[in-house]
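Since the structure comes first, as structure tokens, the remarks are kept for the end.
None of the figures in this text is laboratory data; all of them are computed from the coordinates on show. On a predicted model such as this, the values are computed, not experimentally measured, just so you know.
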Ligand code: ADP
Ligand code: MG
């Protein structure tokens, strides 16, 4: 016997469509430059994923962004393409700081930047725990465009004042796996970093899970003269 109640029927009818209203069209339609599309083609990447289609246009246009999509949905490229595209406009100092909770993720992210940024002569530094501090300080002094870091280690470097570099020109901050970064574990380091980078910058958060700390940021009223971040929720 199949149970049927009108209430259940309406609930099911009223459920939001599983099909996203955002149609992944093409990277070109999202405003990605021909040079970067060539790099994507070399990686056999042809069509944007949903999170890329949602977040790339607002990021290129200078908005802040919160992107929520499951693991493996291409969140790295969703922030790497806008960063690389904007980089060509202002290649001075450390342009982007990408924070991620683990060493392994940092290397994976930097690899994707390296592949996409080959034709731009992109310099990327990976600053993570468990590796030689002096070699990292040299990398940081070598004028990288993008620094991919775990919070603890980049703060260690800032506190040790070794090398000729700072974060005063950062225009783009990424919290990758923001659900894992926005916990008490990383709170002191994040507070230190937020003080060390300019207030005038673009910030984006990417997360596989929608946690209360992410919700709080998404719901917070915007600062005077600012708009709320563009939010794409799974
Ligand atoms: P996430 O951060 O969401 O877990 P990643 O950014 O690590 O996912 O991407 C997972 C894999 O998908 C990577 O190997 C990446 O190269 C690939 N990828 C990203 N975007 C696309 C795309 N538009 N089409 C095909 N593959 C893609
Ligand atoms: Mg990721």
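Seen against the Cα atoms of the chain and their longest principal axis, helix 187-196 is set at about 60 degrees. Once you reduce segment 140-188 and segment 29-44 to the center of their Cα atoms, the two points are 28 Å from each other.
Axis of helix 151-160 versus longest Cα principal axis of the chain: the two differ by about 20°, to the nearest ten degrees.
The shape of segment 85-208 comes out rounded: with a ≥ b ≥ c from the C-alpha gyration tensor, a/c is under 1.5. Considering only 104, 63, 50, the Gaussian network model of the chain with Cα springs below 10 Å gives its largest mean-square fluctuation to 104.
Mean silhouette area of the chain, derived from the convex hull of its C-alpha atoms and averaged over all directions, reads 16.2 nm². Tilt of helix 103-116 relative to the longest C-alpha principal axis of the chain, in degrees (0 to 90, nearest 10)? The helix 103-116 is inclined about 90 degrees to the chain.
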